[in-house]
Amino acid sequence: MTFLTFINVYLSLSLFFLILPSFSSSRPTFPTPKHLLQSYFPKSQAESLIRSFNLSPKYPVNLIANDTTAFVPGSIVENKVSFLGASGPSIEELGHHAGYYSLIHSKAARMFYFFFESQNRKDDPVVIWLTGGPGCSSSIALFYENGPFKIANNMSLVLNPYGWDKTSNILFVDQPTGTGFSYSKDEDDIRYDLGTTSNDLYDFLQAFFKKHPEFVKNDFYITGESYAGHYIPILASRVHKGNIKKEGIHINLKGFAIGNGLTNPAIQYPAYSDFALQRKLITKEDKDSIDKLIPDCEKNIKLCETSKGEDSCSIAYGNCISIFRNLLSIIGNNINYYDIRKKCEGSLCYDFSNLENLFNNDKVKEALGVKDLEFVSCSVKVYYAMLDDWMKNFDVDIPSLLEDGIKLLVYAGEEDLICNWLGNYRWVRAMKWSGQKKFISAPTVKFIVDGAEAEALTSHGPLSFLKVYQAGHMVPMDQPKASLEMLKRWMGGKLSVSKK
């Protein structure tokens with residue numbers, strides 16, 4: 001096993017990574033948007049998410065007021081990068097890249113990304129990974145789930161034998177603006193709706209494939225988890241519509257995958273009490289009490305969807321989140337709601353702090369070309385900004401994609417509470433499309449990895465649902481080998497084929 005030290009990271013990056021935009025650390029202050037009701041969007045909600053991962057971003061968002069770098073809309077500044085040092089493969093052999101894309105529809109926003117070419121074949125599919133939050137960096141997944149490396153306890157990097165770069169050319173993108181190393185110098189570039197973020201990502205993909213024409217003909221897949229259950233369907237729809245209208249480079253979209261996602265809240269929030277009862281976390285009496293909160297949640301989600309009533313989406317958020325909070329008050333706040341097999345120590349459920357230690361190391365930042373820019377692992381500001389879309393249903397564009405033969409895989413670790421498998425399974429079954437009845441009646445079959453049953457699969461035509469055993473919210477972290485096998489078989493059209 002190869003260990004990669006900080007000093008190797010620095011030396012190799014400084015040799016092969018041209019310096020990207022320069023920054024000043026001066027930051028503006030800004031008010032919370034007036035249309036958000038603070039009583040329904042408590043600061044503690046976002047901060048609880050951040051504390052549970054043992055993250056402590058210095059700033060709520062990346063806004064750099066005195067950035068003097070020339071801004072060229074639509075441009076990409078990208079360089080090859082090596083984390084392996086002189087003892088590893090050459091920079092050309094690795095095919096690892098990082099860079100910034102300057103958003104077209106912005107005043108000064110730059111989107112940061114990593115791109116890792118497949119270790120298998122150059123014609124493997126191109127995969128984009130989006131982390132949720134909203135407002136959390138995709139580098140969390142890169143180093144703790146399915147990227148080429150993991151961070152060891154001694155702050156060295158170790159190769160991940162089950163990284164998704166083993167079977168794909170994979171992109172990890174920090175978005176929306178202000179997340180991770182993505183930034184702007186103008187507050188107006190903060191995004192407040194998913195239509196805008198999907199356009200930003202579409203524009204980025206157009207620029208990316210223009211920069212890398214050798215990957216244009218490759219199959220393309222969109223993946224991610226958690227709040228990305230909102231991002232992914234709308235991006236898939238945006239790409240598909242762009243292809244139909246011939247807006248630019250044809251992106252060879254073949255499918256999209258949502259892991260433990262939030263996609264249809266009107267179905268997923270009422271499933272909390274059912275899941276908790278099934279897992280014997282609560283009693284029948286507890287469930288009956290919690291279920292009294294569901295009608296107001298459902299009523300205000302409908303108002304939110306139709307935009308009837310001032311602040312209807314804010315009120316829906318408040319009503320529906322109370323279901324989850326009441327559930328936790330019964331179960332106990334020390335339960336890890338990302339993985340109910342585990343307990344949290346105080347507010348700490350996972351320790352991802354080494355990611356911040358890595359990216360806020362001055363030498364690493366200098367090597368990456370980000371200089372004084374702070375790494376915002378999860379942005380409180382972005383979290384607030386996206387909340388108006390939280391309670392909206394984002395499966396609405398999926399049926400037309402399925403009808404056009406674009407595949408959807410919904411997978412969920414069985415031990416996750418917050419985006420549990422039951423709620424995901426219910427919205428998938430409830431979705432109206434031509435194959436709905438056959439999907440509902442389809443048998444559930446075993447998904448075998450190395451002779452062991454790893455998952456339960458239900459599928460019909462382009463739609464597949466996988467319940468992943470012994471995994472929580474972050475399936476690639478908990479079941480790395482099974483998740484890599486899942487991706488490989490799904491992209492290869494062999495998801496239902498068992499390997500003994």
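No lab work stands behind these numbers, since they all come straight from the coordinates. Not measured: the values here are computed from a predicted model. Virtual Cβ from ideal backbone geometry, glycine too; neighbours counted across all protein chains shown.
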- Net length gained if the chain between Lys217 and Asn333 were fully extended (0.36 nm per residue, minus Cα distance): 36.9 nm
- Task: Any lysines with Cα under 29 Å of the Lys185 Cα? List them, leaving off those in the same chain fewer than 8 positions away.
- Result: Lys34, Lys43, Lys58, Lys80, Lys107, Lys210, Lys211, Lys363, Lys365, Lys371, Lys381
- Which whole-Hz ³J(HN,Hα) couplings does the range 353-364 yield from phi under the Karplus relation 6.51 cos²θ - 1.76 cosθ + 1.60, θ = phi - 60°, glycine and proline marked x? 5, 5, 5, 5, 4, 5, 7, 9, 5, 4, 5, 5
- Pairwise centroid distance, computed over Cα atoms, of the range 474-490 with the range 297-343, Å: 29
- Query: Quick one: His96, His105, His473, His230, fewest Cβ neighbours within 10 Å first, how do they rank?
  - Reply: His105, His96, His473, His230
- Message: If you average the C-alpha positions of the range 383-460 and of the range 184-199 separately, how far apart do those two centres end up, in angstrom?
- Response: 28
- Once the in-chain neighbours fewer than 8 apart are removed, the aspartates and glutamates whose Cα is under 13 Å from Lys488 read Asp124, Asp165, Asp219
- Message: Please give me, ordered by residue number, the GluC sites (Glu not before Pro) of the range 221-329 that lie in loop per DSSP and have at most 11 other Cβ atoms within 10 Å.
- Response: Glu310
- Sorting Met474, Met491 on the 10 Å Cβ count, fewest up front, what's the list? Met491, Met474
- Item | For the range 134-242, size of Cβ-based charge dipole, Lys and Arg +1, Asp and Glu -1, in debye | 380
- Query: Residues with amide H under 5 Å of Tyr337's amide H, sequence separation 5 or more or different chain, H placed in the peptide plane at 1.01 Å from N; which?
  - Reply: none
- Task: Obtain the nm distance between the two label points defined at Glu403 and Lys494 by a simple spin-label model: each point lies 7 Å from its Cα along the Cα-to-C-beta direction.
- Result: 3.3
- With contacts defined as alpha carbon pairs under 8 Å and 6 or more residues apart, what's the relative contact order of the range 415-466 in percent? 26
- Going by C-beta contacts inside 10 Å, put Ser102, Ser182 in order with the fewest on the left. Ser102, Ser182
- Which whole-Hz couplings ³J(HN,Hα) result when phi for each residue of the range 290-304 is put into the Karplus expression 6.51 cos²θ - 1.76 cosθ + 1.60, θ = phi - 60°, listed in order with x for Gly and Pro? 5, 5, 5, 7, 5, x, 5, 4, 5, 4, 6, 5, 4, 5, 4
- Full-stretch length increase - Asp291, Ser441 - with 0.36 nm per residue and alpha-carbon distance subtracted: 51.2 nm
- Give the cross-link partners of Lys481 among the lysines, using a straight C-alpha distance below 20 Å as the criterion and excluding same-chain residues fewer than 8 apart. Lys150, Lys166, Lys446, Lys467, Lys494, Lys499, Lys500
- Candidate cut points under GluC sites (Glu not before Pro) in the range 336-366, DSSP loop plus at most 10 other Cβ atoms within 10 Å of their own Cβ, are none
- Item | FRET efficiency, 1/(1 + (r/R0)^6) with R0 60 Å, evaluated for Thr68 and Glu453 via beta carbons | 0.55
